[in-house]
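J.: Submitted below is the structure of interest, expressed as structure tokens.
Just so you know, all these numbers are worked out from the coordinates, no wet-lab data involved. Predicted model, so just to flag it, every value in this text is computed and none were measured.
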Amino acid sequence: MRRPPARPALSSHLQEHRLAKLDDSELLLQRAYRWEKERADKVFLTQPMGGGVVRDFTWAQTMDEARRVAAWLKAQGWEPGSRVAIMSKNTAWWFMSDLAIWMAGHVSVPIYPNLVAETVRQILAHSDSKLCIVGKLDDWKAMQPGIPEGMPCISTPLCDAQGFTAWDDIVKTTQPMQESPTFAEHAVATIIYTSGTTGMPK
């Protein structure tokens, strides 16, 4: 996967975070695939749902959802390396989104969950994100105007947004990706912008 071309203005300070090696041979996706098999029934994520209720996800369940969303993303027909934004607080679906985006051959663009709408709009435009995965936020109504009209979005569980394609609907109606694709060691995996508190995000 080739490094994307340099972008003007903000790109000089852009941080392109690459898939970190966990040992001498495995990248993050490769390790996830291995744990999917070796630790299938072990709990990987525990998500508070509110009201004292929690939901556990085993490695098998986590990877199944990620594979289904990855297959859906792949079916959109975007060029490999397209950017997909994640705008959410830390939840189980944030991790699954990252995995799904990578498995689909794309680059994740996490957006801080407390940014003002103008900053959200700048990041989505500068990154040329094709889609935004919206999750749990403290003030969705304040951030919502930052999403351009007509931009496709996915809403994960615990999201207050209405009218978007629901994560659970994708999981229910999409067959999981069967292959286990990986990135090259030096491929761009994630693009992280600064918060923009002292100016435009970089």
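J.: Between TRP78 and VAL116, what length in nm is gained on full extension when 0.36 nm per residue of separation is reduced by their alpha carbon distance?
T.: Working it through step by step, the gained length comes to 10.9 nm.
J.: Kindly write out, for the stretch 184-192 in residue order, the coupling ³J(HN,Hα) from the Karplus curve 6.51 cos²θ - 1.76 cosθ + 1.60 (θ = phi - 60°), rounded to whole Hz, with x marking Gly and Pro.
T.: 5, 3, 9, 6, 6, 10, 9, 10, 10
J.: If contacts are Cα pairs under 8 angstrom and at least 6 residues apart, what is the relative contact order of the stretch 79-193 in percent?
T.: 30 percent
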